[in-house]
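Worksheet: one structure, shown below.
The values are calculated or read from the model by the stated rules, or taken from the named source; none is laboratory data. Owing to the predicted nature of the structure, the values given are computational and were not obtained by experimental measurement. For neighbour counting, all protein chains shown are included, and Cβ atoms are generated from backbone atoms with ideal geometry for every residue, glycine included. Remember, those area values only see protein heavy atoms, side chains included, never the ligands or the DNA or RNA. Shrake-Rupley method; radii C 1.70, N 1.55, O 1.52, S 1.80 Å.
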Amino acid sequence: MEYRHKDIEQRWQQFWKDNKTYKTEIDNGRPKFYVLDMFPYPSGAGLHVGHPLGYIASDIFARYKRLRGFNVLHPMGYDAYGLPAEQYAIQTGQHPEVTTRENIARYRSQLDRIGFCYDWDREIRTCDPGYYKWTQWAFIEMFNHYYDTALNKAMPVASLVGHFEEKGSDGINAAATKTLHFTADQWKAMDEKQKSDTLMNYRIAYLGNTMVNWCPKLGTVLANDEVSEGVSVRGGYPVEQKLMYQWCLRVSAYAPRLLDDLDSVAWSDSIKETQRNWIGRSEGAEMQFKVKDSDVEMTIFTTRADTVFGVTFMVLAPESKYVDMITTADMRDAVKAYRDEIKHKTERERMIDKKVSGVFTGTYAVNPLSGKEIPIYVSDYVLAGYGTGAIMAVPAHDSRDYAFARHFNLPVIPLIEGADVSEQSFDAKEGKMINSCGPELDLNGMDVKDAIAATKKFIEEKGIGKIKVNYRLRDAIFSRQRYWGEPFPVYYKDGVPHMFGLDNLPLHLPEIDKYLPTESGEPPLGRAEGWKTQEGWPLELNTMPGFAGSSAYYLRYMDPHNDNELVSAEANGYWRNVDLYVGGTEHATGHLIYSRFWNKFLYDLGKVCENEPFRKLVNQGMIQGRSNFVYRIKDTNTFVSFNLKKGYDVTPIHVDVNIVSNDQLDLDAFRKWRPEYADAEFILEDGKYICGWAVEKMSKSMFNVVNPDDIVERYGADTLRLYEMFLGPIEQSKPWDTNGIDGVNRFIKKLWNLFYKGDTLLVNDEKPSDEALKSIHKLIKKVTADIENFSYNTSVSAFMICVNELGALKCHSREVLADLLVLLAPFAPHVSEELWHAIGNGGTICDAQWPQWDEKYLKEANVNYPVSFNGKPRFNISVPADMPAQEVQKLALENEAAAKWIEGKTVRKVIVVPGKIVNVVVG
RNA sequence: GGUCGAAUGGUGGAAUGGUAGACACGAAGGACUUAAAAUCCUUUGGCCAUUGCGGCUGUGUGGGUUCGAGUCCCACUUCGACUACCA
């Protein structure tokens, strides 16, 4: 029998399906293990060979854990809402649901061919009503809760209302949009609308007027993580700032916990660091600056309280509320002109335009420590959304303030000894303070760090300001002016928002005629006939953003068909949270923050039992494309081979990598590829046409997309799986290069040849030789350690070595080969299963037991090698790590081989490095 | 600008501080074959020596720690990823 991958893989995939081999149930008798992939957005282009990388890695781990006796939950589903389907719908009129369903079917068929061990009975799609019911439910719960900053958890809004009725706003500990002051009587006097507006200030899901990233081209608002460098991540369209009334989630309330709990998860340092930066904790002080000849006091935030004596001006964000309060009559026109100019600039234009701009308000403030008067400016380099939207400018020690000061010719006062500020600011927080003495506070001579502390203490005592921790993390904007997303379970009664009851969920997405905004500029849902409650109250027209459906999906897999709860306490109590999460780093500041927030919120409500959703995170690298080029001689249809192109004037042209093999072009296929190449001529080297290559993004336009289906067709899923792992470390980005896949394919054939010669099964029950046992036990040890460390590439190498060794030893022992198959089963499940049955096993290899290595087969002589060192002969002996130094020295002197080596020479020195090695230097 | 990471043959990549280049691809030579494919064997970092079985050199650059550094420390160069007017 020959190795026929198609036959084998099809047969076992069917077997697993028929026998529901991968169906998972709660089993209190076994420990659980939850392995999860970031579920894909089913795009129209289908999977390319880069997508399954992470899926294969997690599949190996899931299969491995199962072989080690764990009850493994390994589900898959689809992040089905999203912009591309909607854009496609706008262009073609096709319902996004239709295209989404088609795309999912395509994904599924591609995934199925690779042989994953998913429990497909647990599949979820975010656009299924049975799923988004719970997305809507979570939103309602967020609406009904506020964040208590003293208890550090979400609490029901009802208890807040109780407090208001007794004491008004006095003594509340609630995360809020702004600080409100009202008495119990004032609260009671409010009408329904006023009460609603007041509570919005505290709700975790709230309606607020916020500065949003508005993308005119997409006609929708985008979250911060959906915008990069001033353009939309999807589509790359310009994004501008706009004040809009939107649903928001008070993610910022969770900032301290999101930051602190990073310490408790096993994620890579780099992704934790990315989240820390995104959350952006900074310790500083809020300080009051009085405006001259006015009652207005402006609050600013600074992390450099020590530099207050160097403040030579102040700057307000153009959107700051203070601007209108303080601008003098004669400056009003200039300020208005500046603000209008800024408003019409997109975020991108603001960023590209690094020119300093701003305008004087005509007003002065008073430095609270020095008493000096300083001018107040408006400039767009101060952001409305961070801190208080107002700053004290210290040009000597902040580069942005410095640029502004130079442009407007404002004074620069250095505050640190020896700082040269003639060319640029001195931003470092080090040195001794100078020029920092006021009527009540003298910082001169202090170290910067001490000065910061001293100033903070002083301003707090004097009531000029207070110590404040600021976070960069903003609340998430939760409204999208789109069709293809979860509808909000919200209706408006006389303009006041109300939530649906759980009994009325899910609120289904309505049908509409076109997927465009209405004539009056309302979101697409404005087109839906009868989009109102039975009583006639209008429903919310926005839909939820992409991250809504993906924030709690890992919980739903635990109990996907439960119609009464997101997840039952039993299912959640058993599966708890994700033990291993595999996915790309691109979600560091989006999905991975939102999910953690969402989970913490549900944790506060007692709905889930773990504080963090993902224990361990592995970020697989991106697979880039490897493009091939042919070189056409200018103005001809002649192509010159790569190494001969010198001396010709050539144009490199991308050529489809699928008609190139080992960088050698298939000439006939090339002529057939496109009509204009039908009569192409070639200048060959050694009878071959060799193509050039480059690493680029994998995309259709570069003709470097490799479809996993083609690889599976030609080499089989097992080869694809092994080869993807063999390419290199899982976390590293690397180009896909089909060159080399033959080596892995050869390995499987060699493995096959250990079992079969022709149709004869070679396997016997003879006792394996010591060498064979050593080889297999070495492999067991290596593969076990590698899987635990995700070093799958070296595992594949280890398999190759072992199979080569067993082949050379002519070992066909059932005992050894059975172990080999179990080890290989996570990597190449089909061929392992096939051979597992061939050697007389029943059931499925998925239920086999992971073998254990025995050190006795691995013993090495502890004497190594003579080497030279600095010209002096030397002898090294390896010793066990825990051997005491004295014994090591004794061993070295008694060692037979060492003695032989030392014989006749003078022992100059015996160097004992405890636990490591002994060097006997002779000479 | 900030943060993190990387740099090893023609290529992908191995090396708990202990014989650098495992394994694989590619290449060269050979066996089998009428021939090709497939398969198998040998060689393969560089330089020198190859009827002397060996010698020298070598992990981006320069320093340091160490008996010993690809690995640890410092500085630099280059590349990549993420992020960015966050006061």
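Here are a few things to note about the model shown:
- Seen through its C-alpha gyration tensor, with square-root eigenvalues sorted a ≥ b ≥ c, the stretch A:306-420 comes out oblate because a/c lies at 1.5 or above while a/b is not bigger than b/c.
- For A:Lys133, a cut-off of 19 angstrom between C-alpha atoms picks up these lysines, skipping any fewer than 8 places away in its own chain: A:Lys532, A:Lys607.
- Within straight-line cross-link reach of A:Lys462, lysines at Cα separation under 28 Å, skipping those fewer than 8 residues along the same chain: A:Lys178, A:Lys290, A:Lys292, A:Lys321, A:Lys372, A:Lys429, A:Lys432, A:Lys449
- Placing +1 on each Lys and Arg Cβ and -1 on each Asp and Glu Cβ, with no other charges, gives chain A a dipole about its Cα centre of roughly 1660 debye.
- In range of the label at A:Glu460: residues from the stretch A:414-434 whose backbone nitrogen is under 14 Å from the point 7 Å along Cα→Cβ: none
- FRET E, pair A:Asp260, A:Asp679, Förster distance 60 Å, beta-carbon r, rounded to 0.05: 0.30
- Helical segments meeting 20 Å axial Cα length and Kyte-Doolittle -0.5 threshold in chain A (DSSP H): A:52-67, A:129-143, A:448-462, A:741-755, A:770-789, A:792-808
- Relative to one another, the C-alpha centroids of the stretch A:295-320 and the stretch A:703-765 are positioned 64 Å apart.
- Lysines whose Cα lies under 17 Å from that of A:Lys32, excluding same-chain neighbours fewer than 8 positions away: A:Lys23, A:Lys65, A:Lys616
- Accessible area of chain A belonging to carbon and sulfur atoms, whole % at 1.4 Å probe: 48 percent
- Here, P(r) means the percent of Cα pairs in each 10 Å bin from 0 to the largest distance; for the stretch A:419-578 it is 8, 21, 18, 12, 12, 19, 10, 0.
- Calculated [θ] (222 nm, deg cm²/dmol) that DSSP helices of n ≥ 4 give over chain A, each run adding -39,500 (n - 2.57): -10000 deg cm²/dmol
- Backbone N under 17 Å from the A:Gln288 label point (7 Å along Cα→Cβ), restricted to the stretch A:167-193: A:179-181
- Less than 5 angstrom separates the built amide H of A:Phe313 from those of A:Ala393, all sequence-distant by 5 or more or on a different chain.
- With distances taken between every two different alpha-carbon atoms, the stretch A:665-761 has a Kirkwood hydrodynamic radius of 16.6 Å.
- Volume per residue for chain A equals 279 cubic angstrom (convex hull of Cα atoms).
- Expressed as a fraction of 2.2 N^0.38 Å, the value expected for a compact globular protein of N residues, the C-alpha radius of gyration of the stretch A:584-681 is 2.05.
- For the stretch A:759-773, backbone nitrogen atoms closer than 12 Å to the point 7 Å from A:Leu809 Cα along Cα-to-C-beta are found at A:767-773.
- For the stretch A:172-317, taking Cα atoms only, Rg and Dmax work out to 19.7, 56 Å respectively.
- On the beta carbon distance between A:Asp563 and A:Glu696, with R0 = 45 Å, the FRET formula returns roughly 0.40.
- Calculated from backbone phi, Karplus (6.51, -1.76, 1.60) coupling profile of the stretch A:230-241 in Hz, x at Gly/Pro: x, 10, 5, 5, 8, x, x, 8, x, 10, 10, 8
- Placing a pseudo-label 7 Å from each Cα along the Cα-to-Cβ vector at A:Arg276 and A:Glu771 gives an inter-label distance of 5.3 nm.
- FRET efficiency estimate (nearest 0.05) - Cβ-Cβ, A:Lys23 to A:Glu570, R0 25 angstrom: 0.90
- For the stretch A:32-48, 3J(HN,Hα) per residue [Karplus equation, 6.51 cos²θ - 1.76 cosθ + 1.60, θ = phi - 60°, Hz, x = Gly/Pro]: 8, 8, 10, 10, 10, 9, 5, 5, x, 8, x, 7, x, 7, x, 7, 10
- By the Cα gyration tensor, the stretch A:26-179 has an equivalent ellipsoid whose semi-axes, rounded to whole angstrom, run 40, 26, 13 from largest to smallest.
- Cleavage-rule hits (trypsin sites (Lys or Arg not before Pro)) in the stretch A:648-709: DSSP loop, at most 15 neighbouring Cβ within 10 angstrom: A:Lys697
- Length released on extending from A:Asp503 to A:Asp121, taking residue separation times 0.36 nm less the Cα-Cα span: 134.9 nm
- A:Asp170 contributes about 110 Å² of solvent-accessible surface, heavy atoms of the protein only, 1.4 Å probe.
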